[in-house]
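Single-structure report; data block below.
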Amino acid sequence: MSINNNILIKIRDMKDSLTPVEKMLAEYILENLDEIPHLSIKSLAQLTRTSDASVLRFCKTMGYSGYRSFIVSISASLGSMDEEQKHQYTDIQPGDDLDTIISNISRNNMKSIEDTLSVIHKDAIARAVKILQVCKRIVFFGIGASGLVGIDAEQKFTRINKMCHAYVDGHSQLTAATLLEKNDVAIFISNSGTTVEILEALDIAKKNGAHIIAITKYNKSELAEKANIVLGISTPELTIRSGAMGSRIAMLTVIDILFAGVASAEYRNVKKYLTKTHNIISSKHRK
């Protein structure tokens, strides 16, 4: 179960990775939100020119055992959404004044985090934290903006004396994946889940028996299908993805959650490392 469990966010993020029939249903639902809670399964099938069986398969794809539980979840999600939440992400526009830019970017980033809480699963986080506690070493893989997230993760986990490293180019990733062993954890960071270099390194890491954790957009990607644990994020659908803003903020939030989870679970052991690293940095600032 996801933390906030907003089915509308899940439908939006899954839409482009669904089958043609399922995508047709997803688009109709998102475009007719006020109407959906009042429709029977037969009515929805007729309006979308599909079938009762197709609607039921769609419900199961979204994680529901039947149509009734799906509709109840739709109604609950609609009821919990205020006008601010119903607003879409705002893309960069030519000539925006600074006040508009400040407001839009801040709102987009906050919404990325809020929406991610609707698709990321608490049990997946718990499993990931547990594995990170007992592993021999942690290796982060990411390209471009996702690589920057990996570097941030390396800095955080190094503070609690975890053996870890981030690799941000294809060649070094292949080398690192080749040297992974069964007690290692490989964390692959990719918004699309289709980055070629990431998938190549993943295949090698998996053959070597490493635990595979994916931080990726909530959809049916190759990365998500091959990972042992998937930590899904929700990102905006914009025409201009300057610096992958939304996905980067969501991914950094997931890394912070994993770090805090491990540090809290092992607090008696890691407190001394946190104190030492804090003190050495503070002493540099005083000079």
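None of the figures in this text is laboratory data; all of them are computed from the coordinates on show. Model, not experiment: these values are computed from the prediction. Cβ placement follows ideal geometry from the backbone for every residue including glycine, while neighbour counts extend to all protein chains displayed.
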Practice task
About the Cα centre of the stretch 7-83, how large is the charge dipole given +1 on each Lys and Arg Cβ and -1 on each Asp and Glu Cβ? Please answer in debye to the nearest 20.
Solution key: 420 debye
Fill in the blank from the handout: For Ile233, other-chain or 5+-apart residues with amide H closer than 5 Å (H placed, Pro excluded) are Thr216, Lys217, Tyr218
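How big, on average over all directions, is the shadow cast by the Cα convex hull of the stretch 122-280, in nm²? Please report the intermediate quantities before stating the final value.
Details: hull surface 36.6 nm².
Quarter of the Cα hull surface area: 9.2 nm².
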Completion exercise
Final fewest-first order of Met62, Met251 on the 10 Å Cβ neighbour count is Met62, Met251
Handout entry: Convex hull projection area averaged over all views, the stretch 7-83, Cα basis, nm²
Key = 4.6 nm²
Exercise for the section: May I ask you to evaluate 6.51 cos²θ - 1.76 cosθ + 1.60, the Karplus curve with θ = phi - 60°, for each residue of the stretch 274-280 and list the ³J(HN,Hα) values in order in whole Hz, giving x for glycine and proline? Expected result: 4, 5, 4, 5, 5, 5, 5
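How do 264-270, 222-228, 138-144 rank on mean C-beta neighbours within 10 Å, highest first? Let's see the in-between values first.
Numbers: 264-270: 12.6, 222-228: 18.0, 138-144: 23.7.
For the peptides 264-270, 222-228, 138-144, the packing ranking is 138-144, 222-228, 264-270.
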Handout entry: Dipole of the chain, positive end: most advanced residue of Leu148, His165, Ile280 [Cβ charges, Cα centre]
Key = Ile280
Practice task
Using the Karplus curve 6.51 cos²θ - 1.76 cosθ + 1.60 with θ = phi - 60°, work out ³J(HN,Hα) for each residue of the stretch 187-201 in order, rounded to whole Hz, and write x for Gly and Pro.
Solution key: 9, 9, 10, 7, 4, 6, x, 10, 4, 4, 4, 5, 5, 5, 5
Fill in the blank from the handout: Phi-derived 3J(HN,Hα) across the stretch 106-121 with the Karplus relation (6.51, -1.76, 1.60, θ = phi - 60°), rounded Hz, x for Gly and Pro, is 5, 5, 4, 5, 5, 5, 4, 5, 4, 5, 4, 5, 8, 10, 7, 9
Exercise for the section: Calculate the dipole size of the chain relative to its Cα centre from +1 charges on Lys and Arg beta carbons and -1 charges on Asp and Glu beta carbons; express the result in debye to the nearest 20. Expected result: 1580 debye
Completion exercise
Farthest towards the positive end of the dipole of the stretch 7-83, among Ala26, Ser54, Ala76 and with Cβ unit charges of +1 on Lys and Arg and -1 on Asp and Glu, lies the Cα of Ser54
Completion exercise
Taking placed amide H atoms and a strict 5 Å upper bound, the residues 5 or more places from Ala166 or on another chain that come that close are Phe140
